[in-house]
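Let me begin by presenting the structure, written as structure tokens, before commenting on it.
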Amino acid sequence: MYTQLFKKAFLKIEDDDTQSIKELVDCCRLQNDIPVGHIDKIEREYRYRTPIWWYTAPFFLYSMLNRGFQLMNIDIILKMGSFIRHLHKDIENSRREQQWIKPTKIAFQVFLGQGLSIENFDKMKQTTGGFMSFNNFLSTSRDRQVSFMYAHSAGMNNDLKSVGLLFVMLIDPTLCTAASISFVDVKLVGFYEESEEEILFSTHTIFRIN
């Protein structure tokens, strides 16, 4: 509940884009693991690409944003606030455009492979029929095998305190529209274009555990 309220309030903040981009770039320059060339590219070209393009590009925004959400690092989240809001709005707008071009009410499956701590996995097993939320922008795939590889990798590279999971998600477009849940087919708007089978959900999307 707390994270949902935080999301609602956070997304209502009005941005000064010029100042926000400067704060993001200044924050990135303080990090030790971001190539200077990537930061310079963001500074020069941010306005000329969509937020979805930047998020799916092989730069640092994806990993930095996920790190901020996973650790609930408020400093990173606030510094990337304008990008978070731009990305959320871009997903919403792209979703509306895709529905207008090719409307569909047919449910479909997507997959997510990732690691989860044994403690959280045990809690999840006890809440069948309940809800769970991923506290980040959620990149899923229509390709089960791709997601399985991520799950397998997470399961093989751990210290026995976590487990690799393959989430199988049934997405009902009608329900998503009614609940104002935003997602977008990335292959039409992302960096890798047609080579990806990615479905990207906005941050803190809620799923029912079956």
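The values are calculated or read from the model by the stated rules, or taken from the named source; none is laboratory data. The shown structure was predicted, so the numbers you read here are calculated from the model rather than taken from an experiment. So basically every Cβ, Gly included, is an ideal-geometry build from the backbone, and we count neighbours across all protein chains shown.
Against the definition (more than 17 Å from the chain's Cα centre (by Cα), hydrophobic (A, V, I, L, M, F, W, C), at pLDDT 90 or above and assigned by TED's automatic domain parsing to the domain that holds GLU196), how does LEU165 come out, yes or no? I'd like the intermediate steps shown before the answer.
Working: more than 17 Å from the chain's Cα centre (by Cα): yes; hydrophobic (A, V, I, L, M, F, W, C): yes; at pLDDT 90 or above: yes; assigned by TED's automatic domain parsing to the domain that holds GLU196: yes.
The answer is yes for LEU165.
I need the full set of residues from segment 183-210 which are part of a strand (DSSP E or B), surrounded by 18 or more Cβ atoms within 10 Å (Cβ to Cβ) and among the β-branched types (Val, Ile, Thr), in order please.
VAL184, ILE199
I'd like the full set of residues that are at negative phi and modelled with pLDDT under 90, limited to segment 187-201. It would help to see each step written out before you state the result.
Filtering segment 187-201 down to residues at negative phi leaves 187-192, 194-201.
Answer for segment 187-201, where residues must be at negative phi and modelled with pLDDT under 90: LYS187, LEU188, VAL189, GLY190, PHE191, TYR192, GLU194, SER195, GLU196, GLU197.
Do you know which of the residues in segment 63-82 that are surrounded by 14 or more Cβ atoms within 10 Å (Cβ to Cβ), in contact (Cβ under 8 Å) with a residue 40 or more places away in the chain and under 13 Å from the mean Cα position of the chain (by Cα) is farthest from VAL184 (Cα to Cα)?
If we take residues in segment 63-82 being surrounded by 14 or more Cβ atoms within 10 Å (Cβ to Cβ), in contact (Cβ under 8 Å) with a residue 40 or more places away in the chain and under 13 Å from the mean Cα position of the chain (by Cα), then PHE69 is farthest from VAL184 (Cα to Cα).
From the list ARG85, ARG47, which residue is loosely packed, with under 13 Cβ neighbours inside 10 Å, at pLDDT 85 or above, closer than 19 Å to CYS28 by Cα and not acidic (Asp, Glu)? Show your work before the answer.
Details: ARG85 fails: loosely packed, with under 13 Cβ neighbours inside 10 Å.
Only one candidate passes the filter, namely ARG47.
List pairs: first in segment 182-200 and closer than 19 Å to THR104 by Cβ, second modelled with pLDDT under 80 and in a helix (DSSP H, G or I), Cβ under 6 Å, 6+ apart or cross-chain?
LYS187/GLU194
Quick one: which of SER153, SER147, SER180 is modelled with pLDDT of 90 or more and either small (Gly, Ala, Ser) or part of a loop (DSSP other than H, G, I, E, B) (or both)? Walk me through how you get there before you give the answer.
On the way: SER153 fails: modelled with pLDDT of 90 or more; SER180 fails: modelled with pLDDT of 90 or more.
Being modelled with pLDDT of 90 or more and either small (Gly, Ala, Ser) or part of a loop (DSSP other than H, G, I, E, B) (or both) holds for just one of SER153, SER147, SER180, which is SER147.
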